[in-house]
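See structure below.
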Amino acid sequence: MPIKIQSDLPVKEILEKENIFVMDEHRAMHQDIRPIQILILNLMPLKEETELQLLRSLSNTPLQVDVTFMKVSSHESKNTSLSHLNKFYQTFDELKEQKFDGMIVTGAPVEKMEFEEVDYWDEMTKIMDWSQQNVTSTIFLCWGAQAALYYFYGLPKVQLDKKLFGLFWHRVKNRKIPLVRGFDDVFLAPHSRHTDVPIDKIHACEALTVLAESEEAGIFMAMAREGRQIFVMGHPEYDRVTLDTEYKRDLSKGLPIDIPKNYYEDDNPDNKPDLKWRATANNLYTNWLNYYVYQSTPFDLYGTPF
């Protein structure tokens with residue numbers, strides 16, 4: 001799948017070296033099909049790393065995807081350069097008059113705080129409200145999923161006794177739902193979080209359909225509004241070394257952290273981790289783009305009401 005991004009976005013060179021088809025603005029303008037407009041609200045501190053992970057995940061269908069990055073204006077990023085943000089990101093005020101086929105809301109390292117204590121919570125709620133009328137389908141990841149479940153369905157998060165960290169086995173539920181089409185019955189996926197939305201609360205919410213869950217890690221994926229809202233509690237977009245980097249970072253800070261589960265061979269951090277979840281992640285995003293974005297979005301985003 002060609003991804004259209006700005007020709008000078010730093011991750012473009014990395015994607016091309018990985019043999020991922022990246023299309024610049026000039027070539028994209030000469031395509032006859034209507035491109036799919038995807039908005040990514042990137043709340044992660046290392047934004048360029050998250051850009052690369054998500055663009056990899058969106059790179060496996062024949063659809064042309066035009067990606068726009070959004071930042072919150074009520075929070076100052078300390079880990080990404082201002083020049084990068086000014087060049088490649090837009091604010092909600094700059095984008096709120098537009099409509100998008102799909103949207104991804106990332107996680108954020110604020111999960112130990114109450115939602116209302118997060119400095120951009122008011123802006124976040126405005127964006128979530130706006131998405132209901134201006135986006136065909138939205139994927140909420142990790143903290144983003146917890147925030148959306150709390151805001152839309154009143155489901156609170158709870159603190160875990162220790163960080164849920166590593167690769168965990170999940171079992172597919174509701175296999176007839178297109179979002180899990182092609183999934184193995186059981187699959188591994190990464191989690192890295194200190195909080196959770198209790199599995200019994202999600203099952204008890206009639207608006208939600210559970211698509212995959214784990215005996216150890218709880219809900220992995222659920223959806224509402226026939227796929228217009230998708231909640232992914234883990235991090236399928238993580239690359240091979242993300243958990244390794246987080247583990248060694250926490251160790252260096254003297255933080256309590258267990259070896260990520262099911263990650264290193266023989267649980268030895270000196271061993272290079274195997275990539276065991278990429279196919280599942282690719283399948284997830286391909287199904288989302290095809291069945292919940294491309295097949296559902298109006299051809300004229302601005303002429304058809306949501």
What are the pairs with Cβ atoms under 9 angstrom where one residue, in region 81-97, is of a type in the set (Lys, Arg) and assigned to a loop (DSSP other than H, G, I, E, B) and the other, located anywhere, is open to solvent by less than 20 Å² (accessible area, probe 1.4 Å) and modelled with pLDDT of 85 or more? Sequence gap at least six, or different chains. Lys96/Ile127
Identity of the residue in region 178-191, touching a Phe, Trp or Tyr at 6+ places or on another chain (Cβ under 9 Å) and free of Cβ contacts under 8 Å to residues at least 60 places away in the same chain, that ends up surrounded by the fewest Cβ atoms within 10 Å (Cβ to Cβ): Val186
Residue set Arg175, Arg171; condition open to solvent by 10 Å² or more (accessible area, probe 1.4 Å) and at pLDDT below 95; output residue Arg175
Can you tell me which condition Glu206 does not meet? The list is (1) more than 28 Å from Leu46 (Cβ to Cβ); (2) touching a Leu at 6+ places or on another chain (Cβ under 7 Å); (3) not in a strand (DSSP E or B), and all the others hold. (2)
Which one is surrounded by the fewest Cβ atoms within 10 Å (Cβ to Cβ) among residues in region 196-221 that are small (Gly, Ala, Ser) and farther than 25 Å from Glu114 by Cβ? Ser214
What do you reckon, is Leu58 surrounded by 13 or more Cβ atoms within 10 Å (Cβ to Cβ), modelled with pLDDT of 75 or more, of a type outside the set (Lys, Arg) and under 17 Å from the mean Cα position of the chain (by Cα)? yes
Which of (1) closer than 23 Å to Phe140 by Cβ; (2) touching a helix residue (DSSP H, G or I) at 6+ places or on another chain (Cβ under 7 Å); (3) among the hydrophobic types (A, V, I, L, M, F, W, C); (4) touching a residue at least 24 places away in the same chain (Cβ under 8 Å) is the odd one out, the single condition Ile219 does not satisfy? (4)
Identify all residues within region 247-283 that are part of a loop (DSSP other than H, G, I, E, B), open to solvent by 60 Å² or more (accessible area, probe 1.4 Å) and touching a helix residue (DSSP H, G or I) at 6+ places or on another chain (Cβ under 9 Å); write none if there are none. Leu255, Pro256, Asp258, Ile259, Lys272, Asp274
Single unsatisfied condition, Arg175 versus (1) in contact (Cβ under 8 Å) with a residue 60 or more places away in the chain; (2) closer than 25 Å to His203 by Cβ: (1)
Quick check: is even one residue across region 94-117 β-branched (Val, Ile, Thr) and over 22 Å from Gly234 (Cβ atoms)? no
How many of the residues making up region 222-242 are assigned to a strand (DSSP E or B) and open to solvent by 10 Å² or more (accessible area, probe 1.4 Å)? 1
Which residues, taken from region 189-247, are under 30 Å from Asp267 (Cα atoms) and hydroxyl-bearing (Ser, Thr, Tyr)? Ser192, Thr195, Ser214, Tyr238, Thr242, Thr245, Tyr247
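Every residue, every condition in (1) open to solvent by less than 50 Å² (accessible area, probe 1.4 Å); (2) at pLDDT below 95; (3) part of a helix (DSSP H, G or I); (4) under 18 Å from Gly227 (Cα atoms), yes or no:
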| residue | (1), (2), (3), (4) |
| --- | --- |
| Ile104 | yes, no, no, yes |
| Lys112 | no, yes, no, no |
| Met124 | yes, no, yes, no |
| Trp130 | yes, no, yes, yes |
| Ser137 | yes, no, no, yes |
| Ala145 | yes, no, yes, yes |
| Tyr151 | no, no, yes, yes |
| Leu155 | yes, no, no, no |
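The values are calculated or read from the model by the stated rules, or taken from the named source; none is laboratory data. Please read these numbers as outputs of a predicted model, since none were measured by experiment. Here Cβ is always computed from backbone atoms with ideal geometry, including for glycine, and neighbour counts include all displayed protein chains. When the accessible area is computed, the model is the full protein with side chains, heavy atoms only, and any ligands, DNA or RNA have been set aside. Shrake-Rupley method; radii C 1.70, N 1.55, O 1.52, S 1.80 Å.
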